[in-house]
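Heads up, the thing below is written out as structure tokens.
The values are calculated or read from the model by the stated rules, or taken from the named source; none is laboratory data. Not measured: the values here are computed from a predicted model. Heads up, the Cβs are rebuilt from the backbone with ideal geometry, glycines too, and the neighbour counts pull from every protein chain shown. The area values use the complete protein model at the heavy-atom level, side chains included, leaving out ligands, DNA and RNA. Shrake-Rupley method; radii C 1.70, N 1.55, O 1.52, S 1.80 Å.
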Amino acid sequence: MTTTATPVLRTEFEKSVADYWNTNRQDPVNLRLGEVDGLYHHHYGVGAIDPSVLAAPAQTRDQRIIAELHRLESAQADLLLDHLGPIGPEDQLLDAGSGRGGTSIMANARFGCQVDGVSISEYQVAFANEQAAQRGVADQVRFHFRNMLDSGLPAGSRQAIWTNETTMYVDLADLYREFAGLLRFGGRYVCITGCANDVTGGRSKAVSRIDEHYTCNIHPRSAYFKALAANNLVPINVIDLTAQTIPYWELRSRSSVATGIESAFLTAYREGSFHYLLIAADRV
Ligand code: GPP
Ligand code: MG
């Protein structure tokens, strides 16, 4: 693991976020899903569910629901990777807020490229590096205890960068200034995020519940486009994934690994105060 000379955790808020992810180690909703095939994710899912899992016999029903939820979260990561543009083995990518490493490991398996992941949780960094080692790709996929706002990576070194549900922990202007410095001209940034709807106005009760649950600050949709435009990042694709993520939340709410936050997501998405969005942008 490598880190930066400057302190990784710079504010009380960042310390509290790191503390949350360092201590949140008994999370069956992520561990049991990861155990299905060894890809551990910290994001949600997209796509239609196979309804037969809910009708499965009692002995297999729980495990089939877990496997189905995991299939949807890996489908989400695959969708993100679909938007990175052409990536070759010589390219270097950055997973900003890399969690337990699943998306980075999938990117390396697909493109054969180098991936660096950064996280402010030392526990997550160690877990993810162990996963890369177990898969024999530790020389290609490396996780670092670093702050995505100050990654210490060389300027212009990245062909692509993504954030998979991590932007609600940072100031977007600071983040996209950093990414604009790391991406080469023509490089691609892909974001999957949940964002508040400017049209419904303000922060709904359900969105506030999600913030409270994860110690985060969900941004309004408008904040993304302002911060991208201010940092030479030009959107090429914007996809509203809200309808595609609702089945994941419906299935999760009926599973043994539900955490209690499912109703807030379902309310927020159904009432329209919250969107699940993919944004892909080019560095110009
Ligand atoms: C965590 O995923 C995701 C976040 C903290 C970001 C919040 C996301 C939004 C779209 C608002 P996780 O897989 O760790 O969460 P859980 O443990 O609930 O599955
Ligand atoms: Mg999860």
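Inspect segment 52-63 for any residue being among the hydrophobic types (A, V, I, L, M, F, W, C), closer than 19 Å to Val257 by Cα, within 16 Å of ligand 1 (Cβ to nearest atom) and touching a Lys or Arg at 6+ places or on another chain (Cβ under 9 Å) and give the result as yes or no.
no
For segment 21-44, which positions are at pLDDT below 95 and closer than 25 Å to Tyr276 by Cα?
Correct list: Asn24 only.
Just to verify a result, which residue in segment 1-29, among those that are polar (S, T, N, Q) and more than 13 Å from Ser121 (Cβ to Cβ), is nearest to ligand 1 (Cβ to nearest atom)?
Checked segment 1-29; the qualifying residue nearest to ligand 1 (Cβ to nearest atom) is Gln26.
Keeping to segment 36-59, report how many residues are within 16 Å of ligand 2 (Cβ to nearest atom), out of contact with any Phe, Trp or Tyr (no Cβ under 9 Å at 6 or more places or on another chain) and open to solvent by 30 Å² or more (accessible area, probe 1.4 Å).
Of the residues in that region, 2 qualify.
Of everything in segment 274-284, what is open to solvent by 10 Å² or more (accessible area, probe 1.4 Å) and not hydrophobic (A, V, I, L, M, F, W, C)? Give them in sequence order.
Across segment 274-284, the qualifying residues are His275, Asp282, Arg283.
Which count do you get for residues in segment 229-242 that are over 18 Å from the mean Cα position of the chain (by Cα) and either in a loop (DSSP other than H, G, I, E, B) or of a type in the set (A, V, I, L, M) (or both)?
Going through segment 229-242 one residue at a time, the tally reaches 7.
Of the residues Ile261, Ile246, Ile192, which single one is in contact (Cβ under 8 Å) with a residue 24 or more places away in the chain, of a type outside the set (S, T, N, Q), within 30 Å of Leu69 (Cα to Cα) and touching a strand residue (DSSP E or B) at 6+ places or on another chain (Cβ under 7 Å)?
The unique qualifying residue is Ile192.
Just one of (1) surrounded by 16 or more Cβ atoms within 10 Å (Cβ to Cβ); (2) within 14 Å of ligand 2 (Cβ to nearest atom); (3) not charged (D, E, K, R) trips up Gln26, so point out which.
It is condition (1) that Gln26 fails.
Going by the conditions given, is Asp62 open to solvent by 10 Å² or more (accessible area, probe 1.4 Å), over 22 Å from Leu183 (Cβ atoms) and in contact (Cβ under 8 Å) with a residue 12 or more places away in the chain?
Spelling it out, Asp62 is indeed open to solvent by 10 Å² or more (accessible area, probe 1.4 Å), over 22 Å from Leu183 (Cβ atoms) and in contact (Cβ under 8 Å) with a residue 12 or more places away in the chain.
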